[in-house]
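Each remark here refers to the structure printed beneath this line.
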Amino acid sequence: MALNSVKETGVLIVGAGPTGLALACDLARREVRALVVERAPALFPGSRGKGLQPRTLEVFDDLGVIGAVLAAGGPIPVGMVWRDGRRQGEHRMFDTPEPTETAPYTTPWMLPQWRTQEILLARLRELGGDVMFDAEVTGLAQDADGVTAELSTGATLRAAYAVAADGGRSALRRELGITMAGETVDPNPVLVADVRIPALDRDHWHMFPAAAEGGPYAAICPLAGTPDFQLTVQLPAGTAPDLSLQGVRDLVAARTHLAADDVTEVRWSSDFRPRAALADRFREGRVLLAGDAAHVHSPAGGQGLNTSVQDAYNLGWKLGAVLGHGAPDALLDTYEEERLPNAAQMLGLSTRIHRGEARRGAATRQLGIGYRDGSLAVDTREGLDETLRAGDRAPDGPCGAGTLFDAFRGPHWTLLAMGADTELPLLDDELIHTHTVPAYEPYGKGLFLVRPDGYVGWAGVDARDGLTAYLARCGAAPRTS
């Protein structure tokens with residue numbers, strides 16, 4: 001993509017990983033001009049974040065990519081434990097509840113990260129956006145009206161806001177002086193590689209525990225929709241992993257019953273040391289942090305990529321409201337208010353799972369994440385118990401000839417009149433879709449304003465109890481005539 005010496009856009013997104021691409025897709029469908037810049041020459045080539053949690057599948061459903069995601073991936077395989085070259089039995093790492101009326105996606109879905117990114121990039125291009133590769137941000141300045149970025153291409157970019165989605169070693173975060181606090185989850189380095197092993201069956205996630213309790217492990221997982229496996233091998237502390245083909249072959253031969261020559265190809269390899277870290281803030285003026293730039297997870301439990309996509313989904317509608325619908329800049333402060341505590345919660349869960357202190361249960365599916373304590377959760381009803389409340393994820397269910405998720409799909413707000421008989425204000429039909437439906441037990445009776453990211457923002461029994469003021473705060477003020 002060619003740039004003029006100075007190019008103007010609404011949002012500069014630094015990093016073309018799942019976070020940056022998901023955010024770009026969300027902004028594009030809101031007709032907010034955004035430019036994604038990526039310092040690498042192409043998309044990330046590895047499978048690293050291969051598990052998509054149910055809440056992420058709901059997000060992808062809304063973004064219009066769920067068909068491609070389901071077609072390209074597959075279920076997470078059951079584990080098979082090996083010892084001394086013999087199968088010891090299956091190991092199920094998590095529960096597999098059946099889909100329900102309120103939650104159509106209830107189990108994780110396997111899709112290599114590189115494929116997820118390809119799907120998101122294709123969707124972005126379909127929406128009229130794109131990525132500028134081989135373009136690194138070499139300097140960033142901001143003022144009261146926006147940010148100015150200098151690129152390695154020699155171009156200058158002017159934007160209203162910038163989003164740092166450039167990974168755990170975020171150069172933009174460091175330039176802003178935002179620190180990360182955290183800990184080393186495990187001193188043992190881990191080698192991860194995408195490999196071809198035709199001699200190994202693809203029916204299970206093959207696990208090779210250490211001979212001694214707590215010793216280093218190895219695992220080989222078939223990657224759905226590809227002929228590849230993801231190999232992960234834990235190494236002794238202080239080891240420098242050999243990422244070459246021969247190095248990977250030697251590790252496989254040493255840790256499994258397979259021969260070195262059974263590994264016919266190494267398509268990508270890397271190493272890391274599991275750590276957990278959280279940025280002390282998610283916003284500095286007109287620059288916001290998202291994804292790994294804001295929080296770094298152990299891969300245990302599959303929370304990193306999924307938490308990052310939730311960041312993008314939370315931030316997208318807020319940027320759209322500020323830039324496209326006159327919402328106050330202060331609305332963007334609710335991004336950190338809502339996402340930082342949730343990221344901290346998911347970091348703790350990932351760490352506990354890594355250390356064997358927690359199981360991959362309901363919390364890992366991220367359907368229970370909510371914002372009840374945030375300032376955007378306004379509930380005017382009285383005598384609430386355990387019913388659905390403002391700040392909670394809005395459940396799926398019947399709605400006319402379709403479902404509530406059908407009604408929510410798109411960049412708009414949704415006002416549900418559930419068995420409620422009350423006069424509604426004159427709403428902007430493009431911004432707010434209204435559905436009058438019978439009372440539905442997971443919701444109860446009343447009015448429920450569902451945010452563009454699928455959470456109940458305002459709830460009440462009478463629209464006069466603050467609905468108009470709430471919408472105005474969020475850039476969706478009712479019409480006056």
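The values are calculated or read from the model by the stated rules, or taken from the named source; none is laboratory data. What you see is a predicted model; the values in this text were computed from it and never measured. All Cβ positions, even for glycine, are placed from backbone atoms using ideal geometry, and neighbour counts span all protein chains on display. For accessibility, only protein heavy atoms count, side chains too; no ligands or nucleic acids. Shrake-Rupley method; radii C 1.70, N 1.55, O 1.52, S 1.80 Å.
Note on region 425-463: residues that are open to solvent by 60 Å² or more (accessible area, probe 1.4 Å), touching a strand residue (DSSP E or B) at 6+ places or on another chain (Cβ under 7 Å) and either in contact (Cβ under 8 Å) with a residue 24 or more places away in the chain or outside any strand (DSSP E or B) (or both) amount to 4.
Checking every residue in region 185-198 against the condition of being under 24 Å from D311 (Cα atoms) and assigned to a strand (DSSP E or B) gives zero matches. Hey, can you tell me all the residues within region 282-306 that are closer than 23 Å to D333 by Cα, open to solvent by 10 Å² or more (accessible area, probe 1.4 Å) and modelled with pLDDT under 95? Scanning region 282-306 gives D292, V296, G304, L305.
Looking across region 372-413, just one residue is open to solvent by less than 10 Å² (accessible area, probe 1.4 Å), within 17 Å of R473 (Cβ to Cβ) and touching a helix residue (DSSP H, G or I) at 6+ places or on another chain (Cβ under 6 Å), and that is L376. Selection of region 118-147 for residues being acidic (D, E) and assigned to a loop (DSSP other than H, G, I, E, B) yields D130, D134, E136, D143, D145. Of everything listed in (1) part of a loop (DSSP other than H, G, I, E, B); (2) without any contact (Cβ under 8 Å) to a residue 12 or more places away in the chain, the single unmet condition for T153 is (2). Sub-9 Å Cβ pairs linking a first residue in region 255-283 that is closer than 26 Å to A210 by Cβ to a second residue that is among the hydroxyl-bearing types (S, T, Y) and assigned to a strand (DSSP E or B), at least 6 apart or interchain, are R273/T184; P274/T184; R275/T184; A276/T184, ordered by first then second residue. Residue count for region 243-254 satisfying the condition of being touching a helix residue (DSSP H, G or I) at 6+ places or on another chain (Cβ under 8 Å) and either of a type in the set (V, I, T) or in contact (Cβ under 8 Å) with a residue 40 or more places away in the chain (or both): 1. In this structure, is P198 modelled with pLDDT of 95 or more and either surrounded by fewer than 16 Cβ atoms within 10 Å (Cβ to Cβ) or basic (K, R) (or both)? Yes, satisfied. The residue that is nearest to L288 (Cα to Cα), counting only those in region 161-188 that are touching a Leu at 6+ places or on another chain (Cβ under 7 Å) and surrounded by fewer than 20 Cβ atoms within 10 Å (Cβ to Cβ), is E175. Those residues that are within 15 Å of G49 (Cα to Cα) and crowded, with 17+ Cβ neighbours inside 10 Å, I need them from region 252-274; list them, please. Result: W268, S269, P274.
The residues of region 250-300 that are in contact with an Asp or Glu (Cβ under 7 Å, 6 or more places away or on another chain), among the basic types (K, R) and within 15 Å of I220 (Cα to Cα) amount to a single one, R267. Checking the structure you have, find out if any residue of region 99-119 is more than 30 Å from R255 (Cα to Cα) and of a type in the set (G, A, S). Within region 99-119, one or more residues are more than 30 Å from R255 (Cα to Cα) and of a type in the set (G, A, S). The residues of region 29-41 that are in contact (Cβ under 8 Å) with a residue 60 or more places away in the chain, touching an Asp or Glu at 6+ places or on another chain (Cβ under 9 Å) and either polar (S, T, N, Q) or not in a strand (DSSP E or B) (or both), listed by number, are V32, E38, R39, A40, P41. Of (1) open to solvent by 40 Å² or more (accessible area, probe 1.4 Å); (2) farther than 23 Å from P299 by Cβ; (3) out of contact with any strand residue (DSSP E or B) (no Cβ under 8 Å at 6 or more places or on another chain), F44 satisfies all except one. Which? So F44 meets the others, but not (2).
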